[in-house]
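The values are calculated or read from the model by the stated rules, or taken from the named source; none is laboratory data. Given the structure is predicted, the values throughout are model-derived calculations rather than measurements. Reconstructed Cβ throughout: ideal geometry from the backbone, glycine too, with neighbour counts over all protein chains shown.
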Amino acid sequence: MTSNLEAQLLALKEEAEKAIAAVDTLERLEELRVKYLGKKGDLSVLLGSMGKLPQQERPKIGAIANTVKEALQKSLERQRTALEAAKIQAQLEAETLDVTMPGIYRPQGKIHPINSIIDRAVDIFVGMGYTVASGPEMETDYYNFEALNTPPDHPARDMQDTFYLPDGNLLRTHTSSVQIRYMEVEEPPIRIVAPGRVYRRDNVDATHAAVFHQIELLAIDEGLTFTDLKGTIKAFLQQMFGDLPIRFRASYFPFTEPSAEVDLQWNGRWLEVMGCGMVDPNVLKAVGYDPEVYIGFAAGFGVERFAMVLHQLDDIRRMYASDLRFLQQF
């Protein structure tokens, strides 16, 4: 009985070592480990017969079984190390890069002319000490009109044909609504610049769009004058367009008094480029400022108009067509 069990253990060792040496995947190697050394594996089955051996013969068979187990464990570990190294080497060879090969060319992106104008204008105003402010594009009637001194029956509402929404809100017609929201939560002195997208029910043509961009500035402090407004606008336009003649014409806006249009002499003719004025006292009252103490000025312009002038564009729609032939020029 003892010699038979000993022979079976040695035969198992020889069989297992051959199988382990021939295996070529880590998954298959794990299957062999379970087959030979698992709780219900071949070695455990053979050792289950030791209970039938005489007491004095069990130590000898136990020692042989331990030797077989250790030999198989070493074979498994050796083969596992070899297979893992081969797997890593194969992966390295598959992922090897030829650093001498030319790279894949991808054209460099460029800044859209609208974004370029916004970036330039904001940089100029930030350099003057202004803070960038923003607000929602979907607004209430209060922030877009009423708080800006434009009550429901005011004729100025006809100047801005508005997109009204089913819930009673609207798409903002100017970024002046940002000024109201900012003043409600901040105390003077205030100097902000508010760039953003606005919406009006305009007929789309070469110079008009239903969706466009505005930049507005607002300054609130004690002792501000129209001269401060003129100086600010002149400094800004000189940085944008160069040292060109500028003139101010009397105009009307419901939220400023007095109000003015700003013209720039460009290529021998006057171009209207901005609107501006001193903040109406009713606007200051709407946000809780004392108009007897504080005074302010505001101005705004259309980004697309600046882009058309600076880049000599003939049609505003070109800036929204996503035509690479057009965009690559910038």
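Assess whether F163 counts as being in the same structural domain as G296 (by TED's automatic domain parsing), touching a residue at least 24 places away in the same chain (Cβ under 8 Å), in contact with a strand residue (DSSP E or B) (Cβ under 7 Å, 6 or more places away or on another chain) and under 26 Å from L237 (Cβ atoms).
Numbers: in the same structural domain as G296 (by TED's automatic domain parsing): yes; touching a residue at least 24 places away in the same chain (Cβ under 8 Å): yes; in contact with a strand residue (DSSP E or B) (Cβ under 7 Å, 6 or more places away or on another chain): yes; under 26 Å from L237 (Cβ atoms): no.
It is false that F163 is in the same structural domain as G296 (by TED's automatic domain parsing), touching a residue at least 24 places away in the same chain (Cβ under 8 Å), in contact with a strand residue (DSSP E or B) (Cβ under 7 Å, 6 or more places away or on another chain) and under 26 Å from L237 (Cβ atoms).
Only one of these is modelled with pLDDT under 90, of a type in the set (A, V, I, L, M), under 27 Å from H112 (Cα atoms) and surrounded by fewer than 19 Cβ atoms within 10 Å (Cβ to Cβ): L324, L271. Name it.
Values: L271 fails: modelled with pLDDT under 90.
Selected residue: L324, the only one of L324, L271 that is modelled with pLDDT under 90, of a type in the set (A, V, I, L, M), under 27 Å from H112 (Cα atoms) and surrounded by fewer than 19 Cβ atoms within 10 Å (Cβ to Cβ).
Assigned to a helix (DSSP H, G or I), modelled with pLDDT of 85 or more and either surrounded by fewer than 16 Cβ atoms within 10 Å (Cβ to Cβ) or β-branched (V, I, T) (or both): is that true of I111 in this structure? Can you show your working first?
Values: assigned to a helix (DSSP H, G or I): no; modelled with pLDDT of 85 or more: yes; either surrounded by fewer than 16 Cβ atoms within 10 Å (Cβ to Cβ) or β-branched (V, I, T) (or both): yes.
Taking the combined requirement at face value, the residue does not satisfy it.
Kindly indicate whether D263 is assigned by TED's automatic domain parsing to the domain that holds V211, under 25 Å from Y130 (Cβ atoms) and either touching a Cys at 6+ places or on another chain (Cβ under 6 Å) or not hydroxyl-bearing (S, T, Y) (or both). Even if it seems obvious, please write down each step before you answer.
Values: assigned by TED's automatic domain parsing to the domain that holds V211: yes; under 25 Å from Y130 (Cβ atoms): yes; either touching a Cys at 6+ places or on another chain (Cβ under 6 Å) or not hydroxyl-bearing (S, T, Y) (or both): yes.
Taking the combined requirement at face value, the residue satisfies it.
Looking at (1) touching a helix residue (DSSP H, G or I) at 6+ places or on another chain (Cβ under 9 Å); (2) farther than 30 Å from F326 by Cβ, which one does A121 not meet, given that it meets all the others?
Every condition holds for A121 apart from (2).
Among what's in the range 170-225 and is surrounded by 17 or more Cβ atoms within 10 Å (Cβ to Cβ) and basic (K, R), pick the residue that is farthest from V283 (Cα to Cα). It would help to see each step written out before you state the result.
Pass one, the range 170-225, residues surrounded by 17 or more Cβ atoms within 10 Å (Cβ to Cβ): 170-183, 188, 190-196, 198-200, 209, 212-220, 224.
From the residues that got through so far, the ones that are basic (K, R) too are 172, 181, 191, 200.
Numbers: R172: 17, R181: 12, R191: 16, R200: 22 Å.
Once the filter is applied, the top-ranked residue is R200.
Take F248 and tell me if it is at pLDDT below 95 and in contact with an Asp or Glu (Cβ under 9 Å, 6 or more places away or on another chain). First the steps, then the outcome.
On the way: at pLDDT below 95: no; in contact with an Asp or Glu (Cβ under 9 Å, 6 or more places away or on another chain): yes.
No: the conditions fail for F248.
What's the total number of residues in the range 174-204 that are out of contact with any strand residue (DSSP E or B) (no Cβ under 6 Å at 6 or more places or on another chain), free of Cβ contacts under 8 Å to residues at least 60 places away in the same chain and within 29 Å of M308 (Cα to Cα)?
Count: 4.
Taking the options A219, A209, name whichever one is small (G, A, S) and part of a loop (DSSP other than H, G, I, E, B). Explain how you work it out, then say what you get.
Values: A219 fails: part of a loop (DSSP other than H, G, I, E, B).
The conditions single out A209.
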